[in-house]
Structure formats: structure tokens, C-alpha cells
1. For Met423, Met683, give me the order by solvent-accessible area with a 1.4 Å probe, most accessible first, ignoring ligands, DNA and RNA.
2. Please state the shape class of segment 687-736: rounded when a/c is under 1.5, otherwise prolate if a/b exceeds b/c and oblate if not, all from the C-alpha gyration tensor.
3. How large is ³J(HN,Hα), in whole Hz, for each residue of segment 824-835 in order, when computed from phi with the Karplus curve 6.51 cos²θ - 1.76 cosθ + 1.60 and θ = phi - 60°, using x for Gly and Pro?
4. Expressed as an acute angle from 0 to 90° and rounded to the nearest 10, what is the orientation of the C-alpha long axis of helix 323-332 relative to the principal long axis of the chain?
5. If you count, for each residue, the other Cβ atoms within 10 Å and average over each peptide, how do 389-400, 595-606, 837-848, 723-734 line up from highest to lowest?
6. Explain nothing, just the number: relative contact order of segment 699-801, from Cα pairs under 8 Å at least 6 residues apart, as a whole percent.
7. Once R0 is set to 22 Å, what does the formula 1/(1 + (r/R0)^6) return for the Cβ-Cβ distance between Glu772 and Ala806, expressed as a FRET efficiency to the nearest 0.05?
8. For segment 828-863, list residues with backbone N below 12 Å from a point placed 7 Å from the Cα of Glu815 toward its Cβ?
Amino acid sequence: SSFPAIVLRYTLTNHGEQTLRGRIFARSEIPVLIHSRERPEYPGCIGTEAGLHSGAGVSFTPQLHPVLIEDPSWREDIPFEDFESGSHGGWVSEGSAFGEKPRHVDDIASYQGDLNAQGDYLVNSHNTRQGEDVGAGDRHTGTLTSPEFLVERNFIHFRIGGGQHPGRTCLNLVVGGEVVASASGRNANAMTAKIIDVRKFQGRRARLVVVDQESGPWGNIGVDDLVFSDRPPEPIDPTVLPDYGSFCVACSEQSAWLDFPNEEDPLNVQPEDKELVRVGCDFELAPGERRTIPLLVSWHFPNLQIPGLPGQQRWYAEKWDWASEVMDELIERLDELTESTLRWRDTWYDSSLPYWLLDRSFIPISTLATSTCHRFRDGRYWLWEGIGCCAGTCTHVWGYAQGIGRLFPEIERDLRERIDFGMAFHDDTGAIDYRAEFARHVAHDGQCGCILRAYREHLMSADDAYLRRVWPRVRKAMEYMIGEDTNGDGLLEGAQYNTLDAAWYGPMAWLSSLYLAAAAASAEMAERMGDDAFAAHCRSLVQRGSTAAVEQLYDGEFFIHRPDPQHPEANSTNAGCHIDQVFGQAWAHQVGLGRVLPAAETRSALASLWKYNFAPDVGVYRDWMKTIQGGRWYAVPGDAGLLMCTFPKGGAERATGKGQSAWAAMYMNECMTGFEYQVAAHMVWEGLVEEGLAITRAIHDRYSPRLRNPFNEIECSDHYGRALAGYGVFLAACGWHYDGPAGRVAIAPRLHADAFRAAFTAARGWGTLGQERAHLSGGDVVQRHWIEVRHGDLRLRELEVQVPQAAQEWQGMVEVRVVAPDGNERVVAAIATQAQGSYRIQLGQSLTLAAGEVLRATARWTQA
């Protein structure tokens, strides 16, 4: 994970009776400047060259050429159309996409963001004029054709955005009735500057046609600021382009070889070259022989292009200058890195949990290796919601994710300190801007989530140094939320902006339960910081809110939303059964906070979600639901999934709102894995194990490689961050709690409790733990536990386990030993206390288990 590199390990086994000879190789194209060298605005100024790498390898690096600038005696620009008149003028609109006039920037749907218009008006074919949702807005098609003009300048300058569908969402130049040039967007709403070279059409008559003939995703086009000019493309510095960099492929085997298609001049690289080189090795396998051959790939593309954050470079640019340097270090450390990687793989799968569950709960972690996630040169982590989608490490989407905080806790600690309680924090109010520099206002679910994550990051620390640094601001953030609870009853009633992209009004268990969970976490942190008065205040708030939630929002089966009649424009779930209705209690389980909502009502709500929202075939529900239209097909007909909101008791007609936020009602028809995972994990925590696993298995089957890319769980974009909630299902199945500063570990397996084994992660190490139960012939019950550290270390002071059902009223005795890597054992003093089915083993003194050491605790219950 420290290297911008991939090792492809091919394991070959000869199952035959004769010696097998062959070769294995990788083919590489030219990835350096792969997009920029073909862009018309950079004519002839950049290319790529290849060089031999030490051993059997080849590296690709940029080749830069001078940029020619034309004679400065250009004629005056001719503004052609900026649409600032508010009308199409002489342009002719056909179809429904472009309407009767240009769009005003204030009328554009908020989710499109800043379109980079040059004034107040622009052409935009994402037609939501009649209140259409996202999908319907893209389904409109049509053309917008300009008046005829005389080509009397060298270039046409313009801004363009929208879908990257050449020929279907585009700006066409038509000369003599034929399309002679065309430009498309790049699947981005923000328009960028482009140029069409029209020098060879000087003196001819022409028209411009804005085309939208695509009705699917990104079926829209935006155009603005058309100018005829002699100004050529601006000179560029290729070293700042996003695809500027270097790339290297190699094989470290002794029998490695290189093969260039151009044998006469193998290092002469042309832009049109596709298969440039093969890197591989020959092998010979005797009968029964097994051999692993690594092929190595490294890259170094230092520049990032994130709109709104110009000039960023990737973290690895600080450490290496070229991909060849990455390759050198990779080869030098290959054995070490391979061993540690395979050690984790083997630890993860050394488990009694179902293999499919291990796969599905861990696969979303691969999102960290995609361009959803970035680390800047200054060390800052920065996350899209999904690839290229919704900027700013937003507090609400990533508030669902459990994977990063448990596997790479240092990343989440940095995000809390540097972003949420750093650059996004308002010292005067305690408000947290939910997208840092990209959206300067609070998302209420995200604000509560930041408080809860601050507590999780403390638990995943080795000591309390982190909490001491962030606590003053965490407390202030909680005070902000308390200020939103204007009547102090523990429920939020006012405007509550949230992850469904609009402000909702009126009390609802979803956001209020998150508020109560944040209060419970704040109470825990306050006590640890010696702030007993604030802790008491937060705990009293949890008690009031828990009571109020049942009295005001529980309908006998599940928790509902009571929308504010003063805001008919807002979306709501009102009487609906909403997927996140008890999300706060789910979070409380993840970090061991106990109850923030009563057990009976919470379990009834979860059972209702299973009864009303789990669809063995979501297509049947979508066909039946006519009141709420739209919704993206993340689960298609034939797929099973947990729907966002159903209305078994009516109310769907009241859910859509009357204003601009009405489009967000479509979310209620969707199945999105991050939401599904949080419910599945919560069900497992609450004892609805089969239901929780069934929901998780439905996701796993939806993302079967027979149907889709299993590594790409999609929501608003590819490799979506919310899907990292899947790791929470694993934690629930283990019943895992960890408190690093206190040195406390607790497990309560929900599956295979009599013979359980699974991986664990801690503040400074990871390993495997297990539990076995045996009922002896004399009636005694023995339960054995072990914790084996396989990497780093684990500080331990207390181990809490569950008492076997048969021994709930019996007296237990415990013996604790530590086994060293050489097999030597030492007894550790310990005492145990038993209450309410829990067996707490407290060590006489804190100990630190090093890699290779195993703690073994044997508890024995004898019938009195």
C-alpha cells in the first residue's frame, strides 16, 4: 500500500507427467500522456519515449517539445453567442431538451454544482424545468441550431460540459451540410474551455449545432461563451498535466526477457503505438512442480486535477521522482512486502465465518486503491464520494463507512484532525462544513457522524493523546447539535440537511437517533477528559430523547417521520418504513455505547425493514410503486435488495415534496449497498442474524462476477465510499469491541460461537482470535479463548467474553497464559467477574503482546 505499484503473481503448477516449458508475459501500451498527446489544443507539443530499466524492464517517460505560438497580429475577437439576452435569439430549438430559452444559473438543479458559466445564462439540456428527477432530466433529447455565419477567424472558442457521448451529446460544426468537427463533454457538469480549429474553412458558410440525442446517464450537454478568434490554443506546460508522469514494467526472474515490436529501433515510440513492449520470462516445470512468477508494474503520475483544488500533487511525488525509482525499491523489498501482504491475506481467511461473508465485507476496502481516494503531497487525505463524484470528503457519505477506521485508523484520525475538526470547523459555533472547502454548511447526519467517528478513532488509538487534541472541538460540535434541539427534548425538529441531498423538517428517528448516539459518544469522551458535568448533560439528553422517540415516533411496528406542515416543499418519509430509521443505534453498537433507543422497539423496527423493505425481486416493487417515480437501478429486476423506503401504511403521495427538492424522492425506490450494510450489521448486533446475513448475501449475489464487477459497488458513481459500511457486518458477526487506550478487547460471536475464529485489528497491530466451547462429561463447561498477534503489537488489560448459555448461573474460574514464539509459556495473574451473561477477565497488570505471541485464557464453569 506504500507503493504506486502492482505485483502480478502467477502461480503455475504442472499436473502432467511430462516437463512443461513455456513463457509468461505482460503487454504494455503507452500510458504516459495518453490523453493529452491526442488533444487538439496541445498540437505537436508532447510525446513519450521509452528506456531500458535495469534488469528486464522498460520505463516510459515524457518527451516534451517546444510549443509554437503564432504571430501576435491577430484580428479582433468576434463574440458569437453568450446567451446573456435570456433568449435563443436566432437559434432554432427542436425536441424537448433545450426548451424555449437558455437556462438561468439559479434555475439549475443544485446537484449539478457550479457549471462554470461565463454569466447568468447558458445552454443546458439537463431538462428539469417541469420538476423532473435526475433520470428524467437526462431523458430529454433535441438539438439547438445556430444561425448561419461566415467563417472569418481561425478558431472557435467555447465552453462545454455534460456527457462524454461523441456524436450524441456534442457541439457540431456543420459546413456544406456535413459535420466537419465535433466536441463533447467529459462526464462533468462544470464546463471547460475548448477550441475548434476552422482555418481550413475560412470564407465558407457554417452553422453550430448543439446535440443531445442520449437519453441514458450523462445524457446532457452544456455550452456557453462562443467566440470567433485568431487566438490559438494557450501555450501549456506539459509537466502540470494530469497524465504527465512515468510508468515501468519489469520481471525480476533470471530468465526474464524483453520483446519490442519495432525491432530496428525498439525505443522509438510513436503516439499511435498500442502494443509497445512485452515483458516476461521463460519457465520450465517438472511434473508436480509449482512455481510463482512475479511481473511488476510501477507508475508515477504526480499531478492531480481536482476542480477547486488546483496545483495538487500526489503524496508519492514527495518520495520518488520517477516510476523507475519506485521499481528499484519495489524489487529490493519485494520479498518483505510480499510476505507481509500474504500474511494478512492468510490471517483474514483463517476464519470460521463464511468465505463469501469475508469476501463481501472486505472487498469494498479496495476503494482506497481507486481514484475515489487521494493523498496529497502534504499528507492530506481527500476523498470523493465515488470516482469523480461529489467533492470534499463529505461528512455524511463517509459517516457510514466502517472499514477505513478499523483497518487504517491513522487515516481517519488525520481526517478528523486536519479536516472535520480543522479546516472545516467553525470555532465560533462548532459547525462542521460537510464538504470542507466545497460546501460551507452543516449536514446534520454528517455533523453527528463526525462526533461518533471522533470517538471511534479514540478507541482505535494506543493512548488518549489524540482525544486530548480534538476534544475541545468535539465538545463544541456537540454543543452545536444541542443548540439545534431547540426544546431540549432529545429530538431534532428544524431544517435537517442530510445525505439525501435536501433539508428535511420535523422529528424523525433517523437523524434524531444519530443525534442521541453522538450525545452518548460525547458523554464517554467527556468522562475520559474529566468533564463530568458535560457528560451528565449528554446522558440526560439521551434518556429524554429515547423516551421522546418512542412516544412521538414509534407507530407500534417501526419509527416514522412527522414532517413539519409548514414545509410542504420538503421531502419526507412520513408514515413510511425508512431504511435508516434506527441508524443511531447501529452506530452505538459499532462503538460499544449501549442503547440510545430501547431494545424492543428497535428490534421491531428492524423486523419491519425485513418484512416490508427486503425485496427478493426489486423489479416487482418498482413496477408496483407508481406514486414515487424514478430511482436509479442499482438493483435491477431479478435482483434482491433492501429498498430505501416503503409505505405499507400509505403516505407515499406525501413523500415527494412540492419544491426543488422533490427530485430526491426517487432515492426511496433505490437499493444502495452502504445503507443496506448498515442495516444488515445492525440486525446481526440485535440478534436478527439470518436476516442480516441474507441482506448481505443479496448484495454479494448482485455483485457476482457473473453479473457485475465485484470490486465496484456503485452508488452515485463507481467505487462508492458508503460501501465501506460492509466491514461493519464483519464486526457485528464477531461481536467485536476494542478500546485501545483502556487495553480492552471484547468478543461475542454471532456465528459458530462454539468454534469461532476471525481476524482482528487494533491500534498498532493485527492478528487472529478465537473461541472454543466444550461441555465436559461431568457437567462442567470449558471455554477457551486465544489472541495471536501476527503483526505489530497489542496492549491488553481486559478481555470480555460471553458466558455460555448453560453456565449463566454458575461460578467460573479462569487461567491466563502467554505463549512465546519459541513455545515457552508464562502464567498471567487475572481475576474474572460475571454479570448479565458477560465474563470480564481483568489482568493483574497491563501487558503488550508482540508479534508471534499468543494470549490463551481458559474459563471453566462448574455447577454449584
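1. Largest accessible area first, the residues go Met423, Met683.
2. Taking the square roots of the gyration eigenvalues as a ≥ b ≥ c, segment 687-736 is oblate.
3. Once rounded to whole Hz, the list reads 5, 10, 9, 7, 10, 5, 7, 10, 10, 10, 10, 7.
4. Value to nearest ten degrees: 30.
5. In decreasing order of mean packing, 389-400, 595-606, 837-848, 723-734 become 723-734, 389-400, 595-606, 837-848.
6. Details: 150 pairs, mean separation 20.5, N = 103.
Contact order relative to length: 20 percent.
7. The calculated FRET efficiency here is 0.90.
8. Counting backbone N atoms under 12 Å from the label point, the list is 828, 857-860.
The values are calculated or read from the model by the stated rules, or taken from the named source; none is laboratory data. This is a predicted model, so every value here is computed, not measured. A quick note on method: Cβ atoms are made from the backbone with ideal geometry, for glycine too, and the neighbour counts reach across all protein chains shown. Surface accessibility is based on the protein's heavy atoms, side chains included, excluding ligands, DNA and RNA. Shrake-Rupley method; radii C 1.70, N 1.55, O 1.52, S 1.80 Å.
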